[in-house]
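The values are calculated or read from the model by the stated rules, or taken from the named source; none is laboratory data. Computed from a predicted model, the values in this text were never measured in an experiment. Because the Cβ atoms are built from the backbone with ideal geometry, glycine has one as well, and the counts that use them run over all protein chains shown. All accessible areas refer to the heavy atoms of the entire protein, side chains included, with ligands and DNA or RNA removed. Shrake-Rupley method; radii C 1.70, N 1.55, O 1.52, S 1.80 Å.
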Amino acid sequence: MFTGWRYRVVSAVGTASFVALAVLAANHPNAQSVFTTVVPLFDRLEPIILDRQSLRWALMLCVFAIGGAVWPLYKPRPRRILDTVFLVQKRILVGGLALATLGYFKWSHRLPRATLVMTIGILAVVLPSWFLLIRAQPNGTAGRTLIVGDDPAQIDHVVPAVETPVIGYLCPTITAVRDTLREIPETDADAVADGGIELRHDGIADRGDSGPPQTLSSLPRLGGLSRLEDVLVEYDVDTVVLAFGQADRAEFFGALGACHNYGVDAKVHRKYADSVLISEGDVGELVAVDLEPWDPLDHLLKRIFDVCFAAVGLLAFAPLVAIIAIAIKLDSSGPVLYSQNRTAGFGDIFPVYKFRSMVPKGEDATPTEDEENDRITRVGRILRKTHLDELPQLWSILVGDMSVVGPRAVWTEEEALLEKDTPSWRKRWFVKPGLTGLAQIHDAKSTDPNLKLRYDLEYIRKQSFWFDVKIVIRQIWKVLVGVRETIRGSLLII
């Protein structure tokens, strides 16, 4: 993996080279002939081969426009794989639009449409792969490790267990460390090179004493916990080791969420293994947290499926949504929609909207059987039996707060009770909550948290696009059965 100025040089030179090669490939007579013959809309065009002078202009313009568009990616910083791919492709598209605009106003500098489209298409595949390649961490190489925690004693305990060079640590207060060890000076980030205290030729921090094991007293404090995201970017961190007194929602899972967002590996002490997902067979005092339990391609397919499902559902059920809203207002007083804070990935909180099915009143966090609750309205009983009260959650899926399939999002107050009864409950937080899931189609409810958790963890291990489709089909079948029973019951009453 390249870092610092080497990364900047390699990424810039590589980008310019691939842009030039893409233009030359797109200008080749064979490529022009095939493209203008096979591709729709372009099959009406005659192949245009640029001559030497025109080709020279095309090469300079493309390198300048696309190389300038991807300029922000020349700075090394941690990113998730899909974020890198989409960001590079977006920048390539911006460069392509700039070239098309220039050609529109300056005809003499206009690239043939087929050449421009082929160039953008080639680069959309090649350049993301190039940036992923130069950022890849080779096996067996040392990376930059940061320790984050609020327990100085535990930080001091885990430092010797870290096998890679540690650039420093983040801790909310240094008082306890000063009392037990000695005063540790703050490190000025501006005086530090791209990701270390003092960089060797390979970009890894070096203090000149690689022989003895690292200790807390030899590490600089880089700030408080609020600087985590800034430090991840400033120092181009590869791995974060968490050393918190307890695995709380705000700080422990907040730090894991930051690592996930920036594509940084995370490790925790083995005693927290019940609260996080870990790789199977991981041994040692420090275990790697499985922040991405699914393959990036599965993530992409899942998101595409979510957007399509939510968009089609909102359009198809729009008339039914209006009818339900009117029925709720006529049946009882109160708002049409009911909102409740639920737990999302890594302990984040987001509002979930449902059609109101109960008479408004204070809430009780203790899980109960809904059917025994006499506050459910007449319309509400129908909505719950047919699952139509969940329709507004399609919007949450469309905007990305939820997924179609995943562990059921639990009310934040109820979640605190479930965590006490089920120590491993927080493992559900490593995936996006869903509208339906394996636990729902097996009728596992929060009144039996262990059974619900077992199904949720089984889903996390087995997740795939086709597994999601299978669960959705079974849930739709359950809804249809519920609608049939509701209609049958209504006819019997009549």
Positions within region 276-291 being crowded, with 17+ Cβ neighbours inside 10 Å and either touching a Ser or Thr at 6+ places or on another chain (Cβ under 8 Å) or more than 19 Å from Cys171 (Cβ to Cβ) (or both), in sequence order = Val276, Leu277, Ile278, Val287, Val289, Asp290, Leu291
Given the residues Glu419, Glu485, which is the only one that is farther than 25 Å from Ala310 by Cα, more than 26 Å from the chain's Cα centre (by Cα) and part of a helix (DSSP H, G or I)?
-> Glu485
Name every residue in region 321-346 that is part of a helix (DSSP H, G or I) and either farther than 26 Å from Trp411 by Cβ or among the polar types (S, T, N, Q) (or both), in order of residue number.
-> Ala322, Ile323, Ile326, Leu330
Of the conditions (1) at pLDDT below 90; (2) open to solvent by less than 10 Å² (accessible area, probe 1.4 Å); (3) among the small types (Gly, Ala, Ser); (4) closer than 30 Å to Glu292 by Cα, Gly345 fails just one. Which one is it?
-> (2)
Read through the list (1) surrounded by 13 or more Cβ atoms within 10 Å (Cβ to Cβ); (2) touching a residue at least 12 places away in the same chain (Cβ under 8 Å), then give the number of the only condition that Leu320 fails.
-> (1)
How many residues are surrounded by 17 or more Cβ atoms within 10 Å (Cβ to Cβ) and part of a helix (DSSP H, G or I) if we restrict to region 21-57?
-> 8
Pairs with Cβ under 6 Å, 6+ apart, first in region 65-79 and open to solvent by less than 60 Å² (accessible area, probe 1.4 Å), second part of a helix (DSSP H, G or I) and of a type in the set (Lys, Arg) | Ala69/Arg91; Val70/Arg91; Tyr74/Arg8
Can we say Ile197 is modelled with pLDDT under 50, open to solvent by less than 40 Å² (accessible area, probe 1.4 Å) and not small (Gly, Ala, Ser)?
-> no
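Do we find a residue being modelled with pLDDT of 50 or more, in a loop (DSSP other than H, G, I, E, B) and either surrounded by 13 or more Cβ atoms within 10 Å (Cβ to Cβ) or out of contact with any Asp or Glu (no Cβ under 7 Å at 6 or more places or on another chain) (or both) anywhere in region 173-187? Talk me through it step by step, then tell me what you get.
Quick first cut of region 173-187, residues modelled with pLDDT of 50 or more only: 173-174.
Next, from what is left, pick out any that are in a loop (DSSP other than H, G, I, E, B): 173-174.
Narrowing further to those that are either surrounded by 13 or more Cβ atoms within 10 Å (Cβ to Cβ) or out of contact with any Asp or Glu (no Cβ under 7 Å at 6 or more places or on another chain) (or both): 173-174.
Within region 173-187 (the criterion being modelled with pLDDT of 50 or more, in a loop (DSSP other than H, G, I, E, B) and either surrounded by 13 or more Cβ atoms within 10 Å (Cβ to Cβ) or out of contact with any Asp or Glu (no Cβ under 7 Å at 6 or more places or on another chain) (or both)), the answer is yes, since at least one residue qualifies.
Only one of these is open to solvent by less than 10 Å² (accessible area, probe 1.4 Å), of a type in the set (A, V, I, L, M, F, W, C) and out of contact with any Phe, Trp or Tyr (no Cβ under 9 Å at 6 or more places or on another chain): Trp477, Trp429, Trp425. Name it.
Matching residue, one of Trp477, Trp429, Trp425: Trp425.
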Residues (in a loop (DSSP other than H, G, I, E, B) and farther than 22 Å from Asp306 by Cα) located in region 422-449 | Thr422, Asp443, Ala444, Lys445, Ser446, Thr447, Asp448
How many residues of region 450-474 are free of Cβ contacts under 8 Å to residues at least 40 places away in the same chain and either more than 23 Å from the chain's Cα centre (by Cα) or not in a helix (DSSP H, G or I) (or both)? The answer is 6
Hey, among the residues in region 90-105 that are open to solvent by 70 Å² or more (accessible area, probe 1.4 Å) and at pLDDT 85 or above, which one's nearest to Glu292 (Cα to Cα)?
-> Lys90
Find all pairs meeting these conditions: Cβ atoms under 9 angstrom apart; at least six residues apart or on different chains; first residue within region 290-302 and under 13 Å from Arg461 (Cβ atoms) and of a type in the set (A, V, I, L, M); second residue buried (at least 16 other Cβ atoms within 10 Å of the Cβ) and modelled with pLDDT of 80 or more.
-> none
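Would you say Arg408 is at pLDDT below 90, charged (D, E, K, R) and crowded, with 24+ Cβ neighbours inside 10 Å?
No: the conditions fail for Arg408.
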Identify, from the list Ala153, Ala161, the residue that is farther than 30 Å from Gly14 by Cα, at pLDDT below 85 and open to solvent by less than 40 Å² (accessible area, probe 1.4 Å).
-> Ala161
Which of the residues that make up region 66-123 are more than 20 Å from the chain's Cα centre (by Cα), part of a helix (DSSP H, G or I) and of a type in the set (Val, Ile, Thr)?
-> Ile66, Ile92, Val94, Thr101, Thr115, Val117, Thr119, Ile120, Ile122
Look through region 407-461, keep the residues that are polar (S, T, N, Q) and in contact with a Pro (Cβ under 6 Å, 6 or more places away or on another chain), and return whichever of them is nearest to Trp395 (Cα to Cα).
-> Ser446
Residues in region 463-494 that are of a type outside the set (Phe, Trp, Tyr) and either farther than 30 Å from Leu418 by Cα or modelled with pLDDT under 85 (or both) total 19
